[in-house]
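Reading through the structure tokens given below for one structure.
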Amino acid sequence: MAFDDLEAELSLLINQMDTQPQDPHELYLRIFEKLNEFKVLGLPLPDDLVRVEKELETYFASQEARAKKR
């Protein structure tokens, strides 16, 4: 996939994150897949996506911890 295509998909993904409330797990998987594409191509990882991925991982860990307390 060409860099321009990845850039366009990334832009679309960010727009969807801003405009459509989605299941956080689905969003996490999409970000994870996109970051893997960048890694495979040897491209630098977009800082904002890396940050969102980590924030979602923290959110899921807190949800899991909360569920275990019940």
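The values are calculated or read from the model by the stated rules, or taken from the named source; none is laboratory data. Since this is a predicted model, take the numbers as computed values, not measurements. Neighbour counts run over all protein chains shown; Cβ positions are idealised from the backbone, glycine included. Just so you know, the surface numbers come from the protein's heavy atoms only, side chains and all, with ligands and any DNA or RNA stripped out. Shrake-Rupley method; radii C 1.70, N 1.55, O 1.52, S 1.80 Å.
Set the Förster distance to 35 Å, then compute FRET efficiency between Leu12 and Ala61 from the Cβ-Cβ distance, nearest 0.05. Provide the component values of the computation, followed by the final result.
Values: r = 28 Å, r/R0 = 0.80.
Result of the calculation: an efficiency of 0.80.
Would you count, across the chain, every pair of lysines whose alpha carbons are under 25 angstrom apart, provided the pair is eight or more residues apart or spans two chains?
Numbers: Lys34/Lys54; Lys39/Lys54; Lys54/Lys68; Lys54/Lys69.
Here the count comes out as 4.
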Checklist entry - In the calculated pair distance distribution of the chain, what percentage of Cα-Cα distances lie above 20 Å? => result 34
Item to check | Charged-residue dipole, Cβ positions (Lys, Arg, Asp, Glu), the chain about Cα centre, Debye nearest 20 | outcome: 660
Checklist entry - Tell me, what is the per residue accessible area of the chain in Å², probe radius 1.4 Å? => result 74
Checklist entry - Quick one: helix 24-40 against the long Cα principal axis of the chain, what's the angle to the nearest 10°, folded into 0 to 90? => result 40
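When the solvent-accessible surface of protein heavy atoms is calculated with a 1.4 angstrom probe, in what order do Phe3, Phe60, Phe38 fall, highest first?
Phe3, Phe60, Phe38
Could you check how much of the accessible area of the chain is carbon and sulfur, as a whole percent, using a 1.4 Å probe? Each step should come with its number before you reach the end.
Details: 2810 of 5150 Å².
Solvent-exposed carbon and sulfur of the chain make up 55 percent of the total.
Once every DSSP H run of n ≥ 4 in the chain is given -39500 (n - 2.57) and the sum is divided by its residues, what mean residue ellipticity at 222 nm do you get, rounded to the nearest 500 deg cm²/dmol? All intermediate terms of the calculation are to be shown ahead of the outcome.
Working: 3 runs with 57 residues, N = 70.
That calculation yields -28000 deg cm²/dmol at 222 nm.
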